[in-house]
Amino acid sequence: MSSPYTPRKRSRTGKASSSRAEPDQGHLERWFSGNEDQIQTYLYEVSRKVIIPPKFVKIEWLKEEKLKDIKKALTFQKLKGFVSLSGAVYPDLVKVFYTNLIFDGENMLSHVKGVDMLITPAVWKNVTGLSYKGLKLGKNSVQDIIEDFNKVQFYRSCMKDQNTPSKGFGVGKLKMNPRLLAFILSWIITPKGFNHSTLTEEDLMLMYSLVYKLKVNWIYVIKDHMMKSKRLPDYRLPYAVLISRFLEHFEVDLDEEVTELVKPNSEISHFTLRKLGMIKVNGKWQSNDQGGDEEDEQGEEQEAGPSQPAANEEAQQQEFHEDYAMVPYEEPVQRGEPFSYFERMVLGRLDSLAATQRDHFELSAARFQHLDDQIEAVQDQLAQIRFNQEN
């Protein structure tokens, strides 16, 4: 299949460069139907953004691996079709889609290669199985919609050891099910381009909804995430597979377009669970509190090892049940006098300040990543120029 780009070159580090040569004017004209303003927006803004590598998980695999609580949580939320999306990706047209994307209430509208794509709830239902129903959760609407939600209390209820002091919301301290849910959220449902090791307030809110079966309007959540990724210049672009399925749904001409297949290692599998610090004991997955580089070897030894005596097996099953069950939310024991109105107000302000600082940190991290990508692209181009001069 021909491409408007030169083949991807490799940088000095051996990694494929994230930048390509600019497409010729003929391709730009076809992509944007001659809209010069959108062409300029694409060239100077969107084309420089990096697409987040897609991941997916098969519900059948969760069932086979006896990860029943994760399967039930995703099934209840009607996320089965969405989290399992895979197949061909059209990276150039994904960026064209984002360039022309506008939001209009329940709908999204984009324009690619002469095709107007009005993405209504009916289209979402057809492509992903999702419905425009449920709680419209967003950063500024948590307390208004979920009155009992407290991110600190919920996070502690998900920890392996709730007595361990914790200054942040790191995923490494979570039990198995919350850890896997956090991974699915940050890589598939609301993909991040960076900082997958720390949970945000939005992550915790969505995890809370998954655990306690609060029906969420996932179309609203995904659209909000797309809007932020489009609006903020240094954010990476998510949902490449989803947008590619939209392109196919609207029968956009995909001939002679760059096509990439979702890599096999993008599927959540045994390897993913081991990387997350989990091991398989007696055919069931559980957290490996040992962690470290030996987790894979220990997991294989325990899977292949001889059967244990009945007493030990019973103890292992009990330990597994405690770690595997979807963690219940526990109200903290009240100690001392309850907070006064002034104290609650101060805590609320501090919480708001922490959220603002976290947003600034994420934005700064994204900008540094963007600068790093640009520097690598410039170095790659200089190396190509020197190569051409020498030859």
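Note the full-extension length gain between Trp61 and Gln162 as 0.36 nm times their separation in residues minus their Cα-Cα distance, in nm to one decimal.
Additional length available on full extension: 33.3 nm.
How far apart, in nanometres, would the label points at Lys213 and Phe368 be if each is projected 7 angstrom from Cα along the Cα-to-Cβ direction?
The modelled label-to-label distance comes out at 4.3 nm.
Please list, in order along segment 65-72, the HN-Hα scalar couplings obtained from phi with the Karplus expression 6.51 cos²θ - 1.76 cosθ + 1.60 (θ = phi - 60°), rounded to whole Hz, x for Gly and Pro.
8, 6, 8, 5, 5, 5, 4, 5
Which of the three applies to segment 13-135, rounded, prolate or oblate, going by the alpha-carbon gyration tensor with a ≥ b ≥ c and a/c under 1.5 meaning rounded?
oblate
Neighbouring Cβ atoms within 10 Å as the yardstick, rank Phe97, Phe149, Phe169, Phe103 fewest first.
With the fewest neighbours first, Phe97, Phe149, Phe169, Phe103 line up as Phe103, Phe149, Phe169, Phe97.
HN-Hα J couplings of segment 274-282 from phi, Karplus 6.51/-1.76/1.60, θ = phi - 60°, integer Hz, Gly and Pro as x?
5, 5, 7, x, 10, 10, 9, 10, 6
Cut-off under 16 Å on the C-alpha distance; same-chain residues fewer than 8 positions from Lys173 excluded. Which lysines are left, in chain and number order?
Qualifying lysines at Cα under 16 Å: Lys151, Lys160, Lys275.
How high is the FRET efficiency from Asn195 to Asn150, r the C-beta distance, R0 30 Å, rounded to 0.05?
Approximately 0.85, to the nearest 0.05.
Can you list the lysines whose alpha carbon is less than 30 Å from that of Lys113, not counting same-chain residues fewer than 8 positions off?
Lys9, Lys49, Lys55, Lys95, Lys125, Lys192, Lys223, Lys228, Lys230, Lys263
Read-outs: derived from the displayed coordinates by stated rules, not from any lab. None of these values were measured; they are calculated from a predicted model. Methodologically, a virtual Cβ is constructed for each residue, glycine included, from the backbone with ideal geometry; neighbour enumeration extends over all protein chains shown.
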